[in-house]
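What follows is a short report on a single structure.
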Amino acid sequence: MSIVFAKLGISLFALVLVGVLLFSKKRLTPWLETKDTNGFLLVSWVMLRLIPFIIIYLIADFEPTSDVNGFWDEGSKASMGQIVYRDFWSPYSPLYAYFLGLWLKFWYSPKMIVLTMAAMDGVALWASWHFFRSFQSKGDFLFKSLLYLLLPGSLVLCIIGAQEDVWMWLFVILAYLLRERTVRVEWYAVVLAIGLLMTKAIFVLILVPLFILEKQKIRFLIPMVIVGILSLAILYPLVGWEFTQPLDEAQTLRAPNIPSILNPWFYNEIGVGQKFWNWIGLAASVGLACLAALRLRNSDFRIMLSRVWVVLYATMMIVQQSAYSNYIFLFLIPLVFYIIDWKSYTQVILLLIFNVLCVVHPSLWWRLGMPCYMTPSDASASSQLLVDYVMQVSIVGLTGYFIWLAYPKKKEAA
């Protein structure tokens with residue numbers, strides 16, 4: 001349980017710093033208006049990503065654990081020229097392991113995986129400045145960037161957990177920024193296709209509402225089909241149907257999600273683990289995202305994407321039985337920079353609680369043996385199991401609250 005208490009301690013310390021920042025906002029924001037954006041983001045990244053990395057992995061010589069071991073297995077074998085899906089198993093898209101493998105050419109160590117994640121997080125934050133700059137002053141964005149870098153949902157999951165989920169947000173906004181610069185829907189589609197090949201299968205979900213709103217549907221679709229055909233033409237002769245390995249992730253039972261918290265109250269009669277739950281989760285998350293996108297069809301793309309992204313992936317986090325709370329890292333940037341009203345004490349306090357719960361729960365759940373509660377008495381069989389179940393219910397409830405915040409109301413859509 002040491003890692004659980006370590007994550008809790010780091011999270012609480014980070015929240016103290018967030019509190020100091022929020023208390024100093026009125027004085028700090030005007031000062032940030034005078035700073036160079038690129039320089040300040042770089043210094044902030046060094047202070048809140050690189051230095052923690054150096055302290056934890058170089059000075060304290062802490063060895064990466066958890067998901068990093070899986071990433072290391074993939075990246076190290078890819079760096080040696082082995083074939084993904086054939087020579088090693090991967091739950092990720094085909095280019096993911098090879099991208100990690102390129103970084104390992106500079107430093108052949110699992111610690112390089114963590115540094116890679118930190119670097120990509122910094123790139124995603126920098127790209128977000130160009131994405132949000134039309135809606136926020138420089139001082140306001142830089143202030144929120146400090147909050148983002150300090151929040152446990154990004155700090156701990158990036159430096160301790162080495163999660164890659166923020167990459168998906170990076171690729172979708174890079175696609176938009178390229179389209180904005182070139183006015184070419186084809187390049188927009190190509191970058192989205194590359195994003196799908198570089199990250200996870202769930203990246204494809206955002207393509208559905210984007211396709212629905214796209215006016216140049218044929219020009220949007222053709223480049224993706226071409227990239228898809230070329231990918232299959234390369235993969236199938238090498239690995240056969242093994243390229244479907246990422247789809248196996250949908251069969252992995254995790255928590256917290258709606259099925260996991262409802263199951264004990266129905267005495268294990270709701271079919272947890274069955275495939276129909278995956279289809280229900282898929283329909284609920286994509287369907288709600290499409291409805292949100294249609295409501296915002298006349299809004300600026302950046303407004304639409306920020307809200308739809310949170311609605312889609314936050315919903316997926318609690319309806320898909322293979323999802324777990326690490327997915328907060330997937331939608332934290334648009335949540336922090338656009339959805340949350342930082343003047344609302346309620347929203348801020350709930351966001352801070354949400355961050356701590358999402359960071360601590362996966363480690364606790366894993367070390368308790370990944371419990372699946374069959375009856376109400378199972379959840380109260382011990383104090384640790386009760387804490388786990390209460391955390392699950394809290395995470396699901398808070399996720400629902402943030403989905404409600406992000407979902408466009410009629411007045412906002414108008």
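Of the helices (runs of 4 or more DSSP H) lying entirely inside segment 331-414, the ones with 2 or more residues being out of contact with any strand residue (DSSP E or B) (no Cβ under 8 Å at 6 or more places or on another chain) and among the charged types (D, E, K, R) are found at 410-413.
In segment 35-59, the residues that are on the phi < 0 side of the Ramachandran plot and β-branched (Val, Ile, Thr) form Cβ pairs under 8 Å with partners that are crowded, with 16+ Cβ neighbours inside 10 Å and not in a helix (DSSP H, G or I), at six or more places apart or across chains, as follows: ILE56/ILE160.
In the set (1) buried (at least 17 other Cβ atoms within 10 Å of the Cβ); (2) farther than 26 Å from PRO94 by Cβ; (3) at pLDDT below 95; (4) of a type in the set (A, V, I, L, M), the condition left unmet by LEU150 is number (3). Looking only at segment 1-30, which residues are of a type in the set (D, E, K, R) and in contact (Cβ under 8 Å) with a residue 12 or more places away in the chain? Matches in segment 1-30: LYS7, LYS25. Number of residues in segment 70-94 that are within 19 Å of the chain's Cα centre (by Cα) and part of a helix (DSSP H, G or I) equals 2. The listed residues are ILE261, ILE318, and the only one of them that is out of contact with any Pro (no Cβ under 8 Å at 6 or more places or on another chain), hydrophobic (A, V, I, L, M, F, W, C) and closer than 20 Å to PRO371 by Cα turns out to be ILE261. The set of residues from segment 324-353 being more than 14 Å from LYS25 (Cβ to Cβ), free of Cβ contacts under 8 Å to residues at least 40 places away in the same chain and among the hydroxyl-bearing types (Ser, Thr, Tyr) comprises just one member, THR346. Answer with yes or no whether TYR98 is surrounded by 15 or more Cβ atoms within 10 Å (Cβ to Cβ), touching a residue at least 12 places away in the same chain (Cβ under 8 Å) and in a helix (DSSP H, G or I). Yes, satisfied. Residues in segment 136-192 that are among the acidic types (Asp, Glu) and under 20 Å from LEU351 (Cα atoms): ASP140, ASP165.
Here is a check on your reading of the model: is GLY19 modelled with pLDDT of 95 or more, farther than 30 Å from LEU235 by Cβ and surrounded by fewer than 16 Cβ atoms within 10 Å (Cβ to Cβ)? Answer is yes for this residue. Among the residues of segment 195-217, just one is in a helix (DSSP H, G or I) and closer than 13 Å to ARG184 by Cα, namely LYS217. Checking each residue of segment 231-242 against the condition of being on the phi > 0 side of the Ramachandran plot and not acidic (Asp, Glu) gives at least one match.
Mind checking which residues of segment 259-276 are modelled with pLDDT of 90 or more and either crowded, with 18+ Cβ neighbours inside 10 Å or touching a Ser or Thr at 6+ places or on another chain (Cβ under 9 Å) (or both)? Those that are modelled with pLDDT of 90 or more and either crowded, with 18+ Cβ neighbours inside 10 Å or touching a Ser or Thr at 6+ places or on another chain (Cβ under 9 Å) (or both): PRO259, SER260, ILE261, ASN263, PRO264, TRP265, TYR267, ASN268. Taken together, ALA255, ALA289 contain a single residue that is assigned to a helix (DSSP H, G or I) and either in contact (Cβ under 8 Å) with a residue 60 or more places away in the chain or of a type in the set (Gly, Ala, Ser) (or both), which is ALA289.
Scanning segment 103-137 for residues that are part of a loop (DSSP other than H, G, I, E, B) and under 23 Å from ASP341 (Cβ atoms) yields ARG133, SER134, PHE135, GLN136, SER137. Filter segment 22-45 down to the residues that are surrounded by 12 or more Cβ atoms within 10 Å (Cβ to Cβ), part of a helix (DSSP H, G or I) and touching a helix residue (DSSP H, G or I) at 6+ places or on another chain (Cβ under 9 Å) and list them by number. LEU22, LYS25, LEU28, THR29, TRP31, LEU32, THR37, PHE40, LEU41, LEU42, SER44, TRP45 - these are the residues of segment 22-45 that are surrounded by 12 or more Cβ atoms within 10 Å (Cβ to Cβ), part of a helix (DSSP H, G or I) and touching a helix residue (DSSP H, G or I) at 6+ places or on another chain (Cβ under 9 Å). Looking at LEU335, is it surrounded by 22 or more Cβ atoms within 10 Å (Cβ to Cβ) and not basic (Lys, Arg)? Answer is yes for this residue. Here the condition is being on the phi > 0 side of the Ramachandran plot and either out of contact with any strand residue (DSSP E or B) (no Cβ under 7 Å at 6 or more places or on another chain) or among the aliphatic types (A, V, I, L, M) (or both); of VAL204, VAL190, VAL183, it holds for VAL183 alone.
Within segment 169-191, can one find any residue that is outside any helix (DSSP H, G or I) and farther than 23 Å from VAL204 by Cα? Scanning segment 169-191 turns up no residue that is outside any helix (DSSP H, G or I) and farther than 23 Å from VAL204 by Cα.
The values are calculated or read from the model by the stated rules, or taken from the named source; none is laboratory data. Since the model is a prediction, treat every value here as computed from it, not as a measurement. With ideal geometry, Cβ positions are generated from the backbone for all residues, glycine too; neighbour counts draw on all protein chains shown.
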